[in-house]
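A.B. asks: This is the structure, below, for whatever I ask next.
The values are calculated or read from the model by the stated rules, or taken from the named source; none is laboratory data. For clarity, every value in this text was computed on a predicted model and none was experimentally measured. Here the Cβ positions follow ideal geometry from the backbone for every residue, glycine too, while neighbour counts run over all protein chains shown. To get the accessible areas, we keep the full protein, side chains included, count just its heavy atoms, and leave off ligands, DNA and RNA. Shrake-Rupley method; radii C 1.70, N 1.55, O 1.52, S 1.80 Å.
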Amino acid sequence: MTEAEIAELEKAVGARLPQDYVWLLQTYGEFIFRNSVGFAPLTSEPEYKHPEELGIPNGHMFRGSGIATVYGKNTHKGVITILEKLKMYQSRMPEQFLPFADDGMGNQLCLALAPENYQKVYWWDHELEWDEEDYEDETGSPMPDAAKFQNVYLVANSLTELFERLVVWAAATS
């Protein structure tokens, strides 16, 4: 991606991108790995757990996942760009989360860009997606921002750390 395209992405997400991610976008853009790769989370429990008295089930234990596609500039016909992915998920994720890759099953790897968790990498579980209206119906109160982390799991403290921790699952076959 060009500097202008990266500036457009930063404007859309409302934050500066970490330098390791800028380098990745400028060097590789969109890509898939030659071999299947996976990762284990730093924590197997979701970042937020509902208080027991609410009676809302909490997320499951997350053991790890793989990476299917890393998003970037649209280089192939029919492939969704990172800006399109951001627009698709922005209202469904915690504030200033940038989905940058998927696991091939709808779950997203996200960069946190808010000051309190800047550049941390999270796995966002689409099966446990929250709904503010449902929360209010069930509890009688508006959903606190912290509860929007009920379906995210800490994977790495930075993109560089994530890539250092990747494990090859199986060699590609021809």
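A.B. asks: From Ile32, Ile82, Ile6, which residue is more than 20 Å from Asn151 (Cβ to Cβ), of a type outside the set (Lys, Arg) and in contact with a strand residue (DSSP E or B) (Cβ under 6 Å, 6 or more places away or on another chain)?
C.D. replies: Ile32
A.B. asks: If you go through the stretch 87-110 one residue at a time, how many are open to solvent by less than 10 Å² (accessible area, probe 1.4 Å) and in contact with a helix residue (DSSP H, G or I) (Cβ under 6 Å, 6 or more places away or on another chain)?
C.D. replies: Selection size over the stretch 87-110: 3.
A.B. asks: Before we move on, is Glu116 modelled with pLDDT of 95 or more and either part of a loop (DSSP other than H, G, I, E, B) or surrounded by fewer than 18 Cβ atoms within 10 Å (Cβ to Cβ) (or both)? Give the steps one after another, and end with the answer.
C.D. replies: Values: modelled with pLDDT of 95 or more: yes; either part of a loop (DSSP other than H, G, I, E, B) or surrounded by fewer than 18 Cβ atoms within 10 Å (Cβ to Cβ) (or both): yes.
Yes; evaluated as a whole, the condition is true for this residue.
A.B. asks: Applying the selection to the stretch 120-147, what residues are open to solvent by less than 30 Å² (accessible area, probe 1.4 Å), farther than 19 Å from Arg63 by Cβ and not in a loop (DSSP other than H, G, I, E, B)?
C.D. replies: Of the stretch 120-147, the ones open to solvent by less than 30 Å² (accessible area, probe 1.4 Å) are 121-125, 130, 135, 143, 147.
Checking the rest, the ones that are also farther than 19 Å from Arg63 by Cβ come to 130, 135, 143, 147.
Passing the criteria: Tyr135, Ala147.
A.B. asks: Now for a different question. Would you check which residues across the stretch 118-174 are free of Cβ contacts under 8 Å to residues at least 24 places away in the same chain and either aliphatic (A, V, I, L, M) or touching a Pro at 6+ places or on another chain (Cβ under 9 Å) (or both) and list them?
C.D. replies: Scanning the stretch 118-174 gives Glu132, Glu136, Met143.
A.B. asks: Still on this structure: Please determine, by comparing only the residues of the stretch 21-52 that are surrounded by fewer than 16 Cβ atoms within 10 Å (Cβ to Cβ) and assigned to a helix (DSSP H, G or I), which one is modelled with the lowest pLDDT.
C.D. replies: Restricting to residues being surrounded by fewer than 16 Cβ atoms within 10 Å (Cβ to Cβ) and assigned to a helix (DSSP H, G or I), the top hit is Glu52.
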